[in-house]
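Below: one structure, written as structure tokens.
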Amino acid sequence: MSAPITSRQGSPRPTAPAGGENSLRQVAYQRIEDLLNWGKVRPGQIISQRELVDMTEVTLSAVREAIPRFEAEGLLQTLPQRGLMVPSLDVTFIREAYQMRRIIELATVPELLAMLDRAIVRDWIEWHLAARDRLGSDRNSDLTDFLRDFQLYDWDMHASMVNAMDNSLISNVYRVTAIKIRMSAQSRVRVTRENATRVIKEHLEFLNPLLEGHPEEATKALSHHIDQSLTLALGGTLKA
């Protein structure tokens, strides 16, 4: 099983890299992004800049410089005299995010077949098979850390699929879309043994045909996986 991915939010905070205010602004952006990804600030929540300073452990000026980028991306909204508001998760917000995800991810399939090293796909498959075995065998153990690593691996794999297109514009749009989707997921879906087992099955259903060079089958399975995620994000129940 490949090494688990470590979250910035779950590890000691890095010191700011050299490079002055631009670097500090980037650190602030990354740490606020982590807060959104992991549900540390919630949809509909109003938070002050000072609270963000305390939560991110960066300077107030760095937080202030990072905020316009979040506003432009639709991830934060300034409320005069009140602070910053995290967007509420209405149906339109969720559906638009998933529609964008579908457009981008399904477009990656032919690009992956043409450009991505098959060894990477094999590594993804092997990781999922090992994860499935662990979920099936460790019935009585505490899986909190493993499920967190699983969530990170999931995010990283999907992002790597998009990044294989080697298009920085598409990658950035997808990154913002993924944050919005994670916001909805953190609010409505818990990562449990059962959910992780289902996701592994759905991932393997598109990874195996991707490895074997069957784009239609891979696209159909990936589309189903996105549909399942959308159903849960909207508060629905998956069919058995």
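The values are calculated or read from the model by the stated rules, or taken from the named source; none is laboratory data. Values in this document were obtained by computation on a predicted structure and should not be read as measured data. Positions of Cβ are backbone-derived with ideal geometry, glycine not excepted, and every protein chain shown enters the neighbour counts.
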Filtering the stretch 149-168 for residues that are touching a Phe, Trp or Tyr at 6+ places or on another chain (Cβ under 6 Å) and in a loop (DSSP other than H, G, I, E, B) leaves a count of 0
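If I ask for residues that are within 24 Å of ILE200 (Cβ to Cβ) and either in contact with a strand residue (DSSP E or B) (Cβ under 6 Å, 6 or more places away or on another chain) or charged (D, E, K, R) (or both), which ones from the stretch 138-174 would you list?
ASP138, ARG139, ASP142, ASP145, ARG148, ASP149, ASP154, ASP156
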Checklist line | Filter result for LEU238 (at pLDDT below 95, assigned to a helix (DSSP H, G or I) and in contact with a helix residue (DSSP H, G or I) (Cβ under 8 Å, 6 or more places away or on another chain)) | finding: no
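Listed here are the residues, each with its yes/no results for (1) in the same structural domain as LEU75 (by TED's automatic domain parsing); (2) at pLDDT below 90; (3) over 29 Å from ILE94 (Cβ atoms); (4) out of contact with any Lys or Arg (no Cβ under 8 Å at 6 or more places or on another chain).
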residue	(1), (2), (3), (4)
MET115	no, yes, yes, yes
HIS128	no, no, no, yes
LEU135	no, no, no, no
ASN140	no, yes, yes, yes
ARG190	no, yes, no, yes
ALA196	no, no, no, yes
How many residues of the stretch 135-166 are surrounded by fewer than 15 Cβ atoms within 10 Å (Cβ to Cβ) and more than 15 Å from the chain's Cα centre (by Cα)? The answer is 10
Within the stretch 216-237, residues hydroxyl-bearing (Ser, Thr, Tyr) and touching a residue at least 40 places away in the same chain (Cβ under 8 Å) come out as THR219, SER223, SER229
For LEU238, the lone unmet condition from (1) in contact with a Ser or Thr (Cβ under 9 Å, 6 or more places away or on another chain); (2) buried (at least 19 other Cβ atoms within 10 Å of the Cβ) is (2)
When every residue in the stretch 185-240 that is in contact with a Leu (Cβ under 7 Å, 6 or more places away or on another chain) and hydroxyl-bearing (Ser, Thr, Tyr) is compared, the one nearest to GLN99 (Cα to Cα) is SER223
Across (1) over 19 Å from the mean Cα position of the chain (by Cα); (2) in contact (Cβ under 8 Å) with a residue 60 or more places away in the chain, ARG102 clears everything bar (1)
Reported set for the stretch 56-106 where residues are part of a helix (DSSP H, G or I), touching a helix residue (DSSP H, G or I) at 6+ places or on another chain (Cβ under 8 Å), among the hydroxyl-bearing types (Ser, Thr, Tyr) and surrounded by fewer than 17 Cβ atoms within 10 Å (Cβ to Cβ) is SER61
